[in-house]
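Read-outs throughout are calculated quantities, based only on the coordinates presented, and are distinct from any laboratory measurement. Remember, it's a predicted structure, so these values are computed and weren't measured experimentally. Heads up, the Cβs are rebuilt from the backbone with ideal geometry, glycines too, and the neighbour counts pull from every protein chain shown.
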Ligand code: UDP
Ligand code: MG
């Protein structure tokens, strides 16, 4: 698919950088994470806040987070009432973020925080989404690597054509992109797909994914499958369309067999008595039923799109569009003023933007 061209306007440092980290049962990792982050924070030339979201941990994570918030005001802590799952915990953190640039990362140091410096450089070039792309994965089982590999390929083939491969949720987004994401309040969330959906200039920084610093994965097979299922069904009506396809197939087989039996009959060839009519009626019937379910599915798919209540479109730039519109109460003078202002104003000089990709 052809890539959309974007204009890249160079930016200043964000006035505030937010780092959002969902944390679930990471008692062992927490001290390591805090040390790494505290070392890193001094290297930024902009102010930084870290938002740690405790996703209803069942170990002593919350105690550590509370103690941290007491001694270092750069760390803000959200303690969720129970375990809501990674994607929701991340959303809670993103909602609380106040920064102009926002980074989402995992707590287990599989997302090396130092990469944020590189992401910020791309942000200043004008990119709105800078995702971290894994080139290698250390210390993960062959099974995990295989399933992850297959997941991204299948998703790209069937559901999310633009989903960047081998990219998790570790990424930096600009304020305008986050504002767009925040408008999407769907319950079954697949954040990386939502970011892709939003568009905006996006780019990758490559990194080699280290293994978990301590503790165990919080994504067992059960959660992984659920996640993959959400990724597929909350973005695509494809599964609903399957019954339409199967119905059409059954119906065609029935129709073809009818034709075949009639031709044999006309030619005076032997037709097993009763067999053709049985086969034909079964195929046609199931075809009709499956297709009706498919049609129902089409309506369900539309309802599903409607209830998601996503914004219809997102605007990334506006040129000469910032003046107020003419409301019904506009007086003749304001109309005249607007007309002169439109005609008289020379365009304000802006720095020449670069073009992606
Ligand atoms: N996590 C969470 N809630 C959950 C499961 C995981 O907030 O219900 C967090 C976890 O603490 C970590 C991140 O999500 O910061 C990713 O989890 P993990 O590293 O276990 O996943 P993996 O890297 O193995 O896919
Ligand atoms: Mg991990």
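Here is how the numbers come out for the structure above:
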item: Computed label-point distance, nm, for sites residue 72 and residue 298 using a 7 Å Cα→Cβ extension; result: 5.7
item: Mean separation of Cα contacts under 8 Å, 6 or more apart, over the residue count of the chain: relative contact order %; result: 19
item: Where only C-alpha atoms are counted, convex hull volume of the chain per residue in Å³; result: 245
item: Burial ranking of peptide ranges 312-320, 43-51 (average Cβ count within 10 Å, highest at the top); result: 43-51, 312-320
item: The chain: most fluctuating residue of 206, 311, 14 per GNM, C-alpha cutoff 10 Å; result: 311
item: Distance (nanometres) between label positions extended 7 Å along Cα→Cβ at residue 281 and residue 252; result: 2.6
item: Helix 275-308 vs. the chain, principal-axis angle (Cα, 0 to 90°, nearest 10); result: 20
item: Folded to 0 to 90 degrees: helix 86-96 orientation relative to the chain principal axis, Cα; result: 40
item: Region 282-322 and region 1-47: distance between their alpha carbon centers, rounded to Å; result: 36
item: Fraction of antiparallel bridges per DSSP, the chain only, in percent to nearest 5; result: 30
item: Relative packing of 279-287, 163-171, which averages over residues the other C-beta atoms within 10 Å, highest first; result: 163-171, 279-287
item: Calculated P(r) tail over 23 Å for region 32-141, as whole % of Cα pairs; result: 32
item: Among 202, 110, 71, residue whose mean-square fluctuation peaks in a GNM of the chain (springs only between Cα atoms under 10 Å); result: 71
item: Selected from 249, 109, 181 as most flexible by GNM, with the chain as the system and alpha-carbon contacts under 10 Å; result: 249
item: Calculated FRET efficiency for the pair residue 229/residue 288, C-beta based, R₀ 41 Å, to 0.05; result: 0.90
item: Degrees between helix 221-233 axis and first principal axis of the chain (Cα, 0 to 90, nearest 10); result: 80
